[in-house]
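I have placed the structure first, in the form of structure tokens, so that the comments after it can refer back to it.
The values are calculated or read from the model by the stated rules, or taken from the named source; none is laboratory data. These figures come from a predicted structure and were not determined experimentally. When we count neighbours, we look across all protein chains shown, and the Cβ atoms used for this are built from the backbone with ideal geometry, even at glycine. The area values use the complete protein model at the heavy-atom level, side chains included, leaving out ligands, DNA and RNA. Shrake-Rupley method; radii C 1.70, N 1.55, O 1.52, S 1.80 Å.
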Amino acid sequence: MESNEKKRILSMYQCTGTFTLGNYLGAFKNALRFQEEGYQCAYALADLHAITVRQEPAQLRKYTQDAYAFLLAMGIDLSKTLFFIQSHVPQHAQLAWILNCYTQFGELSRMTQFKDKSAKHADNINAGLFTYPCLMAADILLYQADFVPVGADQKQHVEIARDIAERFNGIYSPTFTVPEPIIPQHGARVMSLQDPTRKMSKSDGNNNGCISVLDDPDTIMRKFKRAITDSEACVRYSDDKPGVKNLMEIYSCITGKSMEEIEGEFAGKGYGDFKPAVAEAVIGELRPIQERFKEILQDKDYLQRCCRENAEKAGSIAQRTVSKAMKKIGFLPMK
Ligand code: TRP
């Protein structure tokens, strides 16, 4: 049984806005790589997590649908990879409740994301924000994932998922695979084009700093031309040149060229040549995806069918884990 030997990867994405170039280069390109490398991959949109911050209903629906269509357009292959929407699979909420009872108040209080988010949304520090890591642990443990690719900011959440899994396995007997985080090395951190000391973010207020994966070519060109660099006018990779370093990383991630190759390519040239070249690379990368995205969005029946079939498959895998955990805890089985 070859498929049982394959390592399982699980990752999920919040869809509270249009995806950014940072999401694309940092997370999604790697997600495709894992799919091609033969891992058994499960990816999902974390819409249950999204409501820990208040969402406008029509927007949440649109962002979720767009996100699903975008990832399909990008190349998630449903014949290899499971790709579903978290709220379509009720076992996530079910196991999250159970894991809440195996997680300490003190552990959750130490989560840096909870501390940051409660400072940022002081008017809505809801219990969901606090127990967010238990839902994320459920996401991971339901599918018995070996590896969880996440950004550095989510590493602590994968670590608590490990702790919860080990604790549960220790109280009863091995039930959950203990997952390991994978933090992607390159292209992992795309920074704002306007403030290259900060991560590119759709909510950073300065729209020129952030490229959306759905931006049209003119917008992409304009944003790159306005990108903050420095006064040296030399394409050189250095920590002292955060703006240029960021542009080089974006260019490298798309073209596959090394930093030395890029320095060579632009030797003797200034930013007036370099910035449009980066923009063109990004435009060329996104154009075919945007075209497929538009086509997929027009076929609502296809989209709905993909969502439903994948939720059903995910649900049957998830149910096995939930049943196993419930039996160990001592819930009376319904016969
Ligand atoms: N919390 C993650 C984020 O904000 C998203 C997420 C939810 C996730 N569940 C997950 C990531 C499970 C990996 C595995 O980015």
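Annotations for the structure displayed:
- Surface analysis of region 207-295 yields an accessible area of 47 Å² per residue, using protein heavy atoms and a 1.4 Å probe.
- Scalar couplings 3J(HN,Hα) for region 151-161, obtained by applying the Karplus form with A = 6.51, B = -1.76, C = 1.60 to θ = phi - 60°, are x, 4, 5, 9, 4, 4, 5, 6, 5, 5, 4 Hz; x denotes Gly and Pro.
- Placed amide H near Val190: partners under 5 Å, 5+ positions off or other chain: Met200
- Partners of Lys294 within straight-line reach, counting aspartates and glutamates whose Cα lies under 14 Å from its Cα and excluding those fewer than 8 residues away in the same chain: Asp66, Asp215, Asp216.
- Per-residue Karplus couplings for region 325-335, computed as 6.51 cos²θ - 1.76 cosθ + 1.60 with θ equal to phi - 60°, are listed in order as 5, 5, 5, 5, 5, x, 5, 6, x, 8, 9 Hz, Gly and Pro entered as x.
- Structure-based [θ]222 nm, the chain - -39500 (n - 2.57) summed over DSSP H runs of at least 4, per residue, nearest 500: -17000 deg cm²/dmol
- Here the dipole of region 207-295 is about 260 debye; that uses its Cα centre as origin and unit charges on the Cβ of Lys and Arg (positive) and Asp and Glu (negative).
- Charge dipole magnitude, Cβ of K and R +1, D and E -1 - the chain, Cα centre, debye nearest 20: 1000
- Dimensionless Rg ratio for region 207-295, taking C-alpha atoms and the 2.2 N^0.38 Å reference: 1.09
- Restraint check, Lys117/Lys324; Lys7/Lys29; Lys29/Lys275; Lys29/Lys225; Lys115/Lys313, Cα-Cα greater than 29 Å: Lys117/Lys324; Lys115/Lys313
- Only protein atoms count toward the accessible area here, which uses a 1.4 Å probe; on region 204-317, the carbon and sulfur part of that area reaches 46 percent.
- Counted charge near Phe114, where neighbours are those whose Cβ lies closer than 15 Å (Asp, Glu -1; Lys, Arg +1): +1
- Value in Å of the Kirkwood radius, where region 164-241 supplies the Cα pairs that are averaged: 16.1
- By accessible area, using a 1.4 Å probe on protein heavy atoms only, region 4-113 has 52% of its surface on carbon and sulfur.
- The amide H of Met12, built 1.01 Å from its N in the peptide plane, has Ala44 as neighbours under 5 Å, considering only residues 5 or more places off or on other chains.
- Normalised by 2.2 N^0.38 Å, where N is the number of residues, the C-alpha radius of gyration of the chain stands at 1.06.
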